[in-house]
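Presented below is the structure to which this report refers.
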């Protein structure tokens with residue numbers, strides 16, 4: 001069967017130009033992840049969770065057919081504008097490109113800060129990501145304290161799922177920094193070095209490496225165009241808790257003491 005992709009992120013299109021063979025990494029309800037030999041990731045699936053820099057979207061019917069025929073480790077070949085599996089092909093000749101949104105200067109940080117206070121973050125109070133843990137991490141990122149590496153190692157990979165809670169919180173922190181710079185340059189280098197290690201999931205690693213370059217998914221960047229509670233609630237629906245975890249990171253970053 002032949003299916004046609006609708007939208008593709010810039011990072012995904014770049015990878016398809018440089019790679020000739022990928023493998024299926026993981027399959028789930030809304031799509032699947034492909035991985036290159038160098039560990040780069042492409043998501044193929046619906047736009048239910050917005051657009052991703054490394055994502056390629058299909059309509060729900062095509063997604064269902066594709067994931068039904070896909071299994072982890074299946075071989076995927078890239079041939080010009082075609083992604084080819086032994087049981088199907090995805091054509092890219094009509095694809096629209098999703099480009100990174102760098103309009104952070106448009107954000108109404110004051111309104112975003114106030115509306116974030118309407119989101120219930122009480123579940124984090126007695127968790128592994130309490131106010132005290134967050135304050136120590138944020139202070140360390142700002143002032144590059146000697147304890148920063150151990151603080152980051154505490155967060156990185158902590159939690160369950162394709163994107164553990166600690167990584168999603170750090171994505172939120174990096175988005176908050178893109179809106180209002182506070183992280184020391186040396187802290188960026190340390191984050192990059194740690195995420196080059198195999199201490200979290202491949203999906204989290206992909207999100208953080210892009211976030212370090214101020215590249216985020218559309219559900220996140222929607223916030224600096226429309227910082228309403230409704231926009232936040234749409235982000236909250238991302239994953240089992242990923243959206244709320246990301247919002248928590250943004251909230252703590254924009255409300256530092």
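The values are calculated or read from the model by the stated rules, or taken from the named source; none is laboratory data. What you see is a predicted model; the values in this text were computed from it and never measured. FYI the Cβ positions are ideal-geometry reconstructions off the backbone, even for glycines, and counts take in every protein chain you see.
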- Query: Any idea which of (1) surrounded by 17 or more Cβ atoms within 10 Å (Cβ to Cβ); (2) under 16 Å from residue 247 (Cα atoms) is the one residue 131 doesn't satisfy?
  - Reply: (1)
- Message: With the structure loaded, tell me whether residue 108 is surrounded by fewer than 20 Cβ atoms within 10 Å (Cβ to Cβ) and under 23 Å from the mean Cα position of the chain (by Cα) or whether it fails that test.
- Response: yes
- Taking residue 148, is it in contact (Cβ under 8 Å) with a residue 12 or more places away in the chain and either in contact with a strand residue (DSSP E or B) (Cβ under 6 Å, 6 or more places away or on another chain) or surrounded by fewer than 17 Cβ atoms within 10 Å (Cβ to Cβ) (or both)? no
- Message: Residues that are under 22 Å from residue 195 (Cβ atoms) and either touching a strand residue (DSSP E or B) at 6+ places or on another chain (Cβ under 7 Å) or at pLDDT 95 or above (or both): does segment 103-117 have at least one?
- Response: yes
- Query: Within segment 38-46, can one find any residue that is outside any strand (DSSP E or B) and at pLDDT 95 or above?
  - Reply: yes
- When you look at residue 138, is it surrounded by 15 or more Cβ atoms within 10 Å (Cβ to Cβ), in contact with a helix residue (DSSP H, G or I) (Cβ under 7 Å, 6 or more places away or on another chain) and either in contact (Cβ under 8 Å) with a residue 24 or more places away in the chain or under 16 Å from residue 175 (Cβ atoms) (or both), yes or no? yes
